[in-house]
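Any read-out appearing in this document is the output of simple, stated calculations on the displayed coordinates, not a laboratory observation. On a predicted model such as this, the values are computed, not experimentally measured, just so you know. Because the Cβ atoms are built from the backbone with ideal geometry, glycine has one as well, and the counts that use them run over all protein chains shown.
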Amino acid sequence: MAKYNRIVLKVSGEALAGDNGFGINPPVITDVAKEIKAVHDLGIQIAVVCGGGNMWRGQTGAELGMERAQADYMGMLATVMNGLALQDSLESIGVPTRVQTSIEMRQIAEPYIRRKAVRHLEKGRVVIFAAGTGNPYFSTDTTAALRAAEINADAILMGKNGVDGVYSADPAKDDTAVKFESLSHLDVITKGLKIMDTTASSLSMDNDIPLVVFNLNEPGNIKRVVLGEQVGTTIEGRN
């Protein structure tokens, strides 16, 4: 019996780059697609939000002197490229997929329409939400929280590249860092834990959407989370 029947899977751009650290890594994307297929085969409704950090970050561009809005739009286009790559991998293994973009580009994807997205999910298609929210200054974490609220998802699953949950400090830099098994959304905000930006955390808290942070590189983890096993860190509730 699945714990979550409709999920939004947030995949960071870095996770799609794998050990390369930059760009699209087809073997890594194929592995992610196989993990998604294993969950899809259970009858779970899956929406995916891809980050774009493997190619471009708007904030980095702004720090280099670009206008922030322009840099953010470039980042949104990076997420579309990741979404199309993931769609190709999913469909090559028999998973029906639709890409919906917040910025219209009808030749390659559908425009984002909430009711249409829900209908795709009900028909067993994986829906990939690309181009962020369509607005600068908002991250793909916020996109995941917003879309999860819009489609009434049971949870947001945040797959990280090699990080198996939320820690009190960066475990790579601090040997005393402690891993949390559970937290509240308010804890994340008040402790300044940089899992997702504050806007995304507030949206998740206000709409009472659980968030599970886990290591995407561990085979079978998405399926374990969906089935209710204790994997990574679960963030829910206000207190």
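Summary of computed values
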{"quantity": "Quarter of the Cα convex hull surface for segment 1-102, i.e. its orientation-mean projected area (nm²)", "calculated": "7.1"}
{"quantity": "Rg and Dmax of the chain, Cα atoms only, in Å", "calculated": "16.6, 51"}
{"quantity": "nm² value of the averaged projected area, convex hull over the Cα atoms of segment 43-155", "calculated": "7.0"}
{"quantity": "20 Å Cα-Cα reach of LYS173 towards lysines, excluding residues that sit fewer than 8 places from it in its own chain", "calculated": "LYS160, LYS191, LYS194"}
{"quantity": "J(HN,Hα) series, segment 174-185, from Karplus relation 6.51 cos²θ - 1.76 cosθ + 1.60, nearest Hz, glycine and proline x", "calculated": "10, 5, 8, 4, 10, 7, 8, 8, 8, 8, 9, 4"}
{"quantity": "Axial C-alpha extent at least 27 Å, average Kyte-Doolittle at least 0.0 - helices from the chain (DSSP)", "calculated": "68-92"}
{"quantity": "Calculated FRET efficiency for the pair ILE108/ASN207, C-beta based, R₀ 45 Å, to 0.05", "calculated": "0.90"}
{"quantity": "Segment 43-58-segment 163-200 distance, computed between alpha-carbon centres (Å)", "calculated": "21"}
{"quantity": "Selection from TYR4, THR176, PRO136, by position along the positive dipole direction of the chain (Cβ)", "calculated": "TYR4"}
{"quantity": "Convex hull volume per residue for segment 169-239, taking Cα atoms only, in Å³", "calculated": "101"}
{"quantity": "Placed amide H near VAL166: partners under 5 Å, 5+ positions off or other chain", "calculated": "PHE180, THR233"}
{"quantity": "Charge dipole magnitude, Cβ of K and R +1, D and E -1 - segment 6-235, Cα centre, debye nearest 20", "calculated": "720"}
{"quantity": "Distant-in-sequence amide H partners of THR101 (H built 1.01 Å from N, under 5 Å)", "calculated": "GLU110, TYR112, ALA130"}
